[in-house]
Amino acid sequence: MKTDRIHNFNAGPAALPLPVLEAIQESFLNFAGSGMSITEISHRSKWFEAVINDAVARVKRILKLDSRHHVLFVQGGASLQFCMLPMNLLKAGDTADYVNTGTWSTKAIKEATLQGKSINVAASSEDRNFSYIPREIAFNTDAVYAHITSNNTIKGTQWAQFPSTGGVPIAADMSSDIFSRPLEMDKFGLIYAGAQKNIGPAGVCLVIIRDDLLARTPVNIPTMLRYSTYAEKNSMYNTPPCFAIYTVQLVLKWLEETVGGLDKMAELNRKKAGLLYDCMDASGFYRGTAEKESRSLMNVTFRLPSEDLEKDFVAEAAQNGMGGLKGHRSVGGCRASIYNPTPLTAVEALVDFMKTFERRHG
Ligand code: PMP
């Protein structure tokens, strides 16, 4: 690690792989011999077309997608998908299931409800403060889709296995764990993920949608809010967020060529999270907030014995070159976000610091 860079545990925007940042720096003024920056070239140029095509090809290869799947880059963040998903997929008389596992699921439910869509909350973990992932859910087999949030960034819970929905396609908000593990794509009809945690900078949202769902959009949906507009125009109906897509392309290249794909990535992610959870479980000082079987491998949330100690912990960590450890403002406590790009060495440094802090304050 370069000495002027810290160990970054931010929840999003979050750490990017150092080789990706260096590649951007290296080519920033003269991209691919064009004599222009990536931020200056036309999205219709051969240079940008190569970038977006390569990014799409990598998404397809990494997730083993087939010809039924379309890879789209949309602006408006994951939050716009809360609204676009029911807008495109649910006509009058259609229903969808939602599982409520925290803030982001609640917002997804709100946006469907605002549009007067018929949705059914099939399960919720609100009864225990969203500290777990519900099991044995009775999904409605007539639903058009079943929506889940695969990783709950704020509460630190994650679906370890995806639910059986009786053949209903899962629509998943994977903003905070996309590409962190292999996926059985047969289960999913639609996946969306804001880029700014696992795959790039803020400004673009990756959407993967299957043919049969793409065909459902009612005719009166505005052009920019229709999935088919993005599918038909290779995400370039209008000017796309070129720089964000370029960074996503570089992160995917890093994932394929340096990490070695999703199996390797998942192994590394299990190792990183394991170090932190083992440290917490061995101490009577740090207390994990998620139930054990539902723990996230991406966002490790924990409390210390008092709020004062939590403040000291975050401040001392910062003095020791570790940032982003404050929990989300809605829940307090501490959170270490350890997405794909976070190196093992950063987690090891954090565990060392946690042990030292406990010895001094415990
Ligand atoms: N879903 C999840 C799981 C998230 O973590 C976030 C952002 N933290 C969002 C949705 C909202 O994403 P955006 O800010 O890109 O709209």
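The values are calculated or read from the model by the stated rules, or taken from the named source; none is laboratory data. Note that the structure is a prediction, hence the values are computed from the model and not measured. We place every Cβ from the backbone using ideal geometry, glycine too, and count neighbours over all the protein chains shown. Surface areas here come from the heavy atoms of the whole protein model, side chains and all, with no ligands, DNA or RNA. Shrake-Rupley method; radii C 1.70, N 1.55, O 1.52, S 1.80 Å.
What whole-number value in Å² describes the accessible area per residue of the range 44-157 for a 1.4 Å probe?
On the way: 4740 Å² over 114 residues.
About 42 Å² of surface per residue is accessible.
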Ellipticity estimate at 222 nm from DSSP helix runs (n ≥ 4, -39,500 (n - 2.57)) divided over the chain, nearest 500 | -11000 deg cm²/dmol
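So, with +1 on the Cβ of K and R and -1 on the Cβ of D and E, and no other charges, what is the size of the charge dipole of the range 176-254 about its Cα centre, to the nearest 20 debye?
Numbers: 8 positive and 6 negative charges, 33 e Å.
Computed charge dipole of the range 176-254: roughly 160 debye.
For Asp94 and Met185 in one chain, what is 0.36 nm times their gap in residues minus the Cα-Cα distance, to one decimal in nm?
Extra length available between Asp94 and Met185 comes to 30.4 nm.
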Scan around Ile338 for amide H atoms under 5 Å from its own, H built in the peptide plane at 1.01 Å from N, and keep only partners 5 or more places away or cross-chain.
-> Asn299, Val300
Using a cut-off of 23 Å between alpha-carbon atoms, which lysines can reach Lys64, once sequence neighbours fewer than 8 places away in the same chain are excluded?
-> Lys187, Lys197, Lys233, Lys253, Lys264
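Accessible area per residue of the range 265-352 at 1.4 Å probe, in Å²? All intermediate terms of the calculation are to be shown ahead of the outcome.
Working: 3800 Å² over 88 residues.
Accessible area per residue, the range 265-352: 43 Å².
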Antiparallel bridge percentage (DSSP; both residues within the chain; nearest 5) = 55 percent
In cubic angstrom per residue, the convex hull of the range 169-292 built on its Cα atoms measures 151 Å³
Label-point separation (nm) for Ala266 and Arg68, each offset 7 Å from Cα along Cα-to-Cβ?
-> 2.0 nm
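Run through the DSSP bridge list for the range 140-194 and note the antiparallel percent, rounded to the nearest 5.
20 percent
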Area accessible to solvent at Val331, 1.4 Å probe radius, in Å² | 50 Å²
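What does the extension gain come out to for Ser164 and Glu126, with contour length at 0.36 nm per residue minus their alpha carbon separation? Numbers along the way, then the final one.
Numbers: separation 38, 0.36 × 38 = 13.68 nm, distance 2.11 nm.
Gain on stretching Ser164 to Glu126: 11.6 nm.
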Return the subset of Lys60/Lys272; Lys46/Lys107; Lys271/Lys355 for which the Cα-Cα distance in this structure is over 29 Å, preserving the input order.
-> Lys46/Lys107
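Kindly provide the GluC sites (Glu not before Pro) of the range 92-181 that DSSP labels as loop, not H, G, I, E or B, and whose Cβ sees at most 13 other Cβ atoms within 10 Å.
On the way: sites: Glu111, Glu126, Glu136; in loops: Glu136.
Answer by residue number: Glu136.
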Candidate residues Lys311, Lys233: accessible-area rank, largest first, probe 1.4 Å | Lys311, Lys233
Charge-dipole axis of the chain as Lys and Arg at +1 and Asp and Glu at -1 on Cβ define it, positive-most pick from Ser330, Phe31, Pro134 | Phe31
Of all accessible heavy-atom area on the chain, the percent that carbon and sulfur account for (1.4 Å) = 50 percent
Just how large is the dipole of the range 1-131 about the Cα centre, in debye to the nearest 20, putting +1 at every Lys and Arg Cβ and -1 at every Asp and Glu Cβ?
-> 240 debye
Considering every Cα-Cα pair within the chain, what fraction, in whole percent, is farther apart than 25 Å?
-> 54 percent
Of Phe179, Gly167, Ala195, whose Cα points farthest to the positive end of the dipole of the chain (charges on the beta-carbon: +1 Lys, Arg; -1 Asp, Glu; origin at the Cα centre)?
-> Ala195
